[in-house]
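Below is one structure; the comments refer to it alone.
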């Protein structure tokens, strides 16, 4: 089984930002226009395969399940499972197709693509900050909730529970909207290049 985490030189369970940073760092080194080593192109395609699988939430969930079975619990040899064989073939074909696409891209265009992705991610910092503020407000209210239910405050406790719930719903909604907007903007600006 391919160890996508090892290929990207990161630990199992790394977050999305760590995966992206690792891929960018290694891709800039091994892009075929930059690195003239005979195996650079093959390694670049392998890097891209690992990146494409680990940055897709659904594919990563499947991969992590199989990874744990193979590398952690060492259950029945995973290569004997038909599901694994089909899945690995699908991942490999997809990753290699993307890797060839990126490796055939001139290095300057590849750099431009990476910089565009960084710009898009950076543009969402205010959104993340807003979600964090809403979350902190909910936590602060939660920490003083007991005082709200004391005899001196009457119905303040119920009001605080409603506020906490409202803030939690708002934070979740803001996150979902931001994630959808990010995906759409990424498709529009990067994937259509």
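Each value in this text was obtained by applying a stated rule to the coordinates, not by laboratory testing. These figures come from a predicted structure and were not determined experimentally. Methodologically, a virtual Cβ is constructed for each residue, glycine included, from the backbone with ideal geometry; neighbour enumeration extends over all protein chains shown.
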### Summary
In nm, the gap between the two label points placed 7 Å beyond Cα toward Cβ at residue 129 and residue 12 is 3.9
### Query
Relative to the longest principal axis of the chain, what angle (0 to 90°, nearest 10) does the C-alpha long axis of helix 156-186 take?
20
### Message
Taking R0 as 30 Å, what FRET efficiency do you get between residue 37 and residue 97 from their Cβ-Cβ distance, rounded to the nearest 0.05?
### Response
0.85
### Task
Treat the count of other C-beta atoms within 10 Å as a stand-in for reagent exposure and order 169, 134 from fewest to most.
169, 134
### Query
Hey, what angle do you get for helix 125-143 against the long axis of the chain, alpha-carbon based, 0 to 90 degrees rounded to 10?
40
### Message
With angles folded into 0 to 90 degrees, how steeply does helix 82-104 sit against the dominant principal axis of the chain? Use alpha carbons for both and round to 10.
### Response
80
### Query
How high is the relative contact order of the chain, in percent, with contacts defined as C-alpha pairs under 8 Å that are six or more residues apart?
18
### Query
For region 110-193, what is the relative contact order in percent, using Cα pairs closer than 8 Å and at least 6 residues apart in sequence?
38
